[in-house]
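No lab work stands behind these numbers, since they all come straight from the coordinates. Everything quoted here is computed from the prediction, not taken from an experiment. Positions of Cβ are backbone-derived with ideal geometry, glycine not excepted, and every protein chain shown enters the neighbour counts.
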Amino acid sequence: MIRAPKCEMTLMVNGEKHSIVARQADTLLFVLRNYLGLTGSKPGCLNGDCGACTVLIDGTPIKSCMILAIETIGKSITTIEGLHDAPIQRAFVEQFAFQCGYCTPGFIMNAHALTEHRPDADDETIRKWLESNICRCTSYREIEQAVKSVLAEGQKQE
Ligand code: FES
Ligand code: FES
């Protein structure tokens with residue numbers, strides 16, 4: 001049997017360096033969950049459609065099933081475990097923006113990036129931004145409402 005080669009790589013995840021030995025073909029999602037024990041990023045479709053695996057790479061939301069871990073060397077990776085007290089987390093709770101919660105970490109990472117990058121986002125921008133994530137059991141209205149409440153709070157403080 002031919003085994004895929006492994007190599008040592010150091011990843012910066014949630015502000016900490018992690019040195020691991022993984023296959024060059026391992027996705028970031030696989031490494032986060034199976035090497036680092038960070039299981040907040042969820043495997044869903046594994047082909048880039050659902051967004052359950054979304055993490056931030058240098059602040060940009062990326063589907064971690066679609067990028068190799070080796071490609072993220074030298075970049076700053078943030079997972080749901082590294083997001084502490086972001087306003088969007090409380091907003092999801094206050095707006096009842098989840099039911100089973102499986103899609104929630106991915107939605108929160110994507111929505112957090114939206115509130116950081118587009119504090120002026122209008123309804124259309126919010127709707128389009130969130131199109132990369134799929135929820136099978138709650139209404140998108142509550143999720144959009146959570147985003148809007150964070151944006152409105154930010155605008156009040158300006
Ligand atoms: S598991 Fe990555 S997009 Fe669905
Ligand atoms: S809350 Fe269940 S899939 Fe979104």
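If each residue's Cβ is checked for other Cβ atoms within 10 Å, how do K156, K6 rank with the fewest at the top?
Values: K156 7, K6 13.
In order of increasing Cβ crowding within 10 Å: K156, K6.
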At q = 0.14, 0.15, 0.17, 0.21 1/Å the base-10 log of I(q)/I(0) from the Debye formula over the alpha-carbon atoms of the stretch 56-141 is -0.50, -0.58, -0.74, -1.11
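First select every other residue whose beta carbon is under 12 angstrom from the beta carbon of T125; then total the charges, Lys and Arg +1, Asp and Glu -1.
Working: positive: R118, R127, K128, K148; negative: D120, D122, D123, E124, E131, E144.
Around T125, the charge tally is -2.
If R0 is 25 Å, what FRET efficiency do you get for R90 and S132 from their C-beta distance, rounded to 0.05? Please report the intermediate quantities before stating the final value.
Details: r = 23 Å, r/R0 = 0.90.
The pair R90/S132 has a calculated efficiency of 0.65.
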Between the Cα axis of helix 104-117 and the main Cα principal axis of the chain, the angle (0 to 90°, nearest 10) is 70
Note: E153 to D58 extended length (0.36 nm per residue) minus current alpha-carbon separation gives 31.7 nm
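Dipole of the chain, Cα-centred, from +1 at each Lys and Arg C-beta and -1 at each Asp and Glu C-beta, to the nearest 20 debye? Working shown, then result.
Details: 16 positive and 19 negative charges, 135 e Å.
For the chain, the charge dipole is close to 640 debye.
Magnitude of the Cβ-charge dipole of the stretch 87-157, K/R +1 and D/E -1, about the Cα centre, nearest 20 debye? It would help to have the intermediate numbers written out before the result.
Numbers: 8 positive and 10 negative charges, 34 e Å.
Computed about the Cα centre, the dipole is about 160 debye.
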Summing -39500 (n - 2.57) over every DSSP H run of at least 4 residues in the chain and dividing by its residue count gives a helix-only mean residue ellipticity at 222 nm, to the nearest 500 deg cm²/dmol, of -10500 deg cm²/dmol
Per-residue Cβ contact counts at 10 Å, fewest first, order E116, E124 as E124, E116
Taking the square root of 5λ for each eigenvalue of the C-alpha gyration tensor of the stretch 1-126, the equivalent ellipsoid has semi-axes, largest first and in whole angstrom, of 28, 15, 13
